[in-house]
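The block underneath contains the structure these notes are about, expressed in structure tokens.
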Amino acid sequence: MVFLFVALPLVVAGILPLVGKISKKVLPDLLANSVFVVLLALVFFEARSLAGQDAAIEQLFWLGEPLNIRLMLDGFSLFMLFAVSLVGFAISLFSIDYMDHYGSKANFYALFLVMTAGMNGLLLVTDLFQIYIFLEVAAVASYALVAFGLGHDELEASFKYLMLSAVASAFLLAGIVIIFGVTGGLDFETVSQGLQTLDSRYLVGFCAAFFILGFGLKAALVPFHAWLPDAHPSAPAPISAALSGLLIKVSGVYALARVFLNVFGLTPALSTVLMYLGIISMVIAALLALGQTDIKRMLAYSSISQVGYIVLGIGLGTPLGILGGLFHLFNHALAKSLLFLNSGSLQMSTGTRNLDEMGGLGKRMPVTAGTTLIGSLSIAGVPPLNGFWSKLIIIVALVQAKQWAFAVIAVLVSVLTLWYYLIIQRKAFFGKLNERWSDVREAPFWMTASTVLLGLLCIATGIFFAATVNSWIRPAADSLVKGVQTMLGSLGF
Amino acid sequence: MIIEIALLCGLVLFSAAAIVFRDLLKAAICLAVASLLLGIIFFRMKAPYIGAFEISVVAGLITVLFITTIALTKTGGDVRESKAASWIFPLFFIVFLVLDFFVMRGLMGKIPALEATPEQGTFGEVLWKMRTFDLVGQIGIIFAGVLAVLALFRKRDKDE
């Protein structure tokens, strides 16, 4: 059943271009959305079957012969699959109305499903080289999706993204090659065993630097962030939501956390490097976001800043820090997808992304205004929304670990975050309605339905945060807290 | 050993030349020569399959694609490029070579010879039996590539 997370989106992606010849809109909409409903149902099914176990390994068979396809499902991968399926469903729902004017909807959904298959594959693999392969699956699909609008800006942003992503892949591949050279294996268990017995801190440090560079580029941590503020705003809104909400987290944060906590083992030096990368990203990206007038560019910088929080929490390495980091990952996936989708609604209704040209749109687009407010307050960390709890957990974890300076900076960046989100609210939705927008109407049904769903999820996760943490986040954090022990022996390889 | 060093030096030089040349045709040919040298290195290191792939696909097929594309495109107006580009790459390249030399000299003695692993066998066995899930990933990459071409070279329908 676990293999379906990869196979189902791939198979449907394969038939979608053919379906698109028969029906240009209805069937592709129906098929793509059905895939995400099935994936969500699968997540709940797997969560039930995993209950009480640390992890499960699925071995595939073909005509009675065992295939060399082993997929690992533990709390961390299940939690990430849940986030991908949930946010993916909201994005696919939003695309029903939004992607109409782009044309070639079947191809769009097919690429989106290939990207989802790539992310899901990456979440289930047990091998370093397979991380690289599924990272590329998701990346190749995302290059095309960024350029989907075919405009000059889109193509330029996609090219820049492709180039920097290729650099990231080259560093990752170099790291994997060296690891293979010194440990003689690629699967997580062999590598973590090999690294524990290896007497060369210098060599391991060298590989770790390659991985930090590679995954840092994928996660767009400062100073490896140059591609993101171009790529994310240029893509169609649902893809901006998928890139910021999911892809940078799966191919950046998940892969980084899995490799460093479960395979390498988090050393104090590594922890310090990750924490500094996190805090630098938080501060610099928040300051850069303040000066933006393009709403999507501001949101893109905000993504870099919030990924900084996540890396700070996970890099701290304490159980509470990891829990806070993962909870913030989930909350940011919900809220940032919501905000990017709403920026798409604004762009579709007004034809601009420039905040200075907007004004008073709250009167014309009340649902978009309301859900944007929820998303903004959530990311800024205003109680009782979900973002408040995750930031609070990260800050408490920093205080517990006596990292006072980091804790103070985290609070200050939260204030900065609130500041630039209030700028969005004030410039876009409040104030006097600009006469240019007197004919503007609320976004179509499926677009608002999708954003209302995400908005309600932000509120529900905030109110029932204890239940969310206990059912999804804690098992995920436990997998990381156990460190290399998760891979050594406990999985029954 | 001298032949290996000569091949490696040639590989580095032709790769750098592919970046430095402003004429796309010359750059594509330099890249093809670099791939050819890499293919020969693979053959000499007893990796004939990867050597054959490197020479036939990268040095052959991809070069043909590059040259065809270059022949089909017209030279547009001069693109203004920052002057920094002409000295940043050589500088970065030299710094990288120096760092690479020192790091690799430190690492060479420490990387142990690869021990026998379960992943040994013929090329076909490794590809089909040992790395089956990689093939699923490769299908995904091919899908993504084909769909990308379909999406990026599409014609807009009249009703869209």
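Things to note:
- Counting, for every residue in A:63-71, the Cβ atoms of other protein chains within 10 Å of its Cβ and taking the mean gives 3.
- Computed over the alpha carbons of segment A:439-482, Rg followed by Dmax gives 16.3, 57 Å.
- Residues whose amide H lies under 5 Å from that of residue A:127, counting only those 5 or more places away or on a different chain, are A:188; hydrogens are built 1.01 Å from N in the peptide plane.
- Every Cα-Cα pair in segment A:312-452 was counted, and those over 25 Å apart are 35% of them.
- Percent of C-alpha pairs per 5 Å bin, segment A:393-485, short to long: 2, 9, 9, 12, 18, 17, 11, 8, 6, 4, 2, 1, 0
- Listing A:426, A:474, A:297 from fewest to most neighbouring C-beta atoms within 10 Å gives A:426, A:474, A:297.
- In Hz, Karplus ³J(HN,Hα) per residue of segment B:9-21 (6.51, -1.76, 1.60; θ = phi - 60°; x = Gly, Pro): 4, x, 4, 5, 5, 5, 5, 5, 4, 4, 7, 6, 4
- Binned Cα-Cα distance frequencies in segment A:245-365 - 10 Å width, integer %: 14, 38, 27, 15, 6, 0
- The ranking of A:65, B:4 from fewest to most other beta carbons within 10 Å of each one's beta carbon is A:65, B:4.
- For residue A:67, nonlocal amide neighbours, meaning residues 5 or more places apart or on other chains whose placed amide H falls under 5 Å from its own, are A:60, A:61, A:62.
- Residue (of A:445, A:126, B:6) at the positive-pole extreme of the protein assembly as shown, dipole from beta-carbon charges: A:445
- Between segment A:285-360 and segment A:400-442, the alpha-carbon center distance in angstrom: 10 Å
- The residue A:445 and residue A:156 beta-carbon pair, evaluated with R₀ = 30 Å, returns a calculated FRET efficiency of approximately 0.35.
- Extending 7 Å from Cα along the Cβ direction at residue B:2 and again at residue B:17 yields two label points whose distance is 2.2 nm.
- Kirkwood-based shape ratio for segment B:1-73, expressed as Rg/Rh from alpha carbons: 1.03
- Zone residues, segment A:148-162, relative to residue A:357, backbone N less than 19 Å from point 7 Å out along Cα-to-Cβ: A:149-155
- In this simple spin-label approximation, residue A:26 and residue A:170 carry label points 7 Å from Cα along the Cα→Cβ vector, and these lie 5.0 nm apart.
- Placing a label point 7 Å from the Cα of residue B:123 along the Cα-to-Cβ direction, the residues of segment B:14-45 whose backbone N falls under 15 Å from that point are B:39-45.
- When restricted to Cα atoms, the protein assembly as shown yields an Rg and a Dmax of 24.7, 77 Å, respectively.
- Taken one residue at a time, the phi angles of segment A:430-438 give Karplus couplings (6.51, -1.76, 1.60, θ = phi - 60°) of 8, x, 7, 5, 5, 4, 4, 9, 5 Hz. Gly and Pro are set to x.
Quick note: the coordinates plus some simple rules give every number you see, no bench work behind them. Here the structure is a predicted model, which is why all the values come from computation and not from measurement. Every residue, glycine among them, receives a Cβ derived from its backbone with ideal geometry; neighbour counts consider all protein chains shown.
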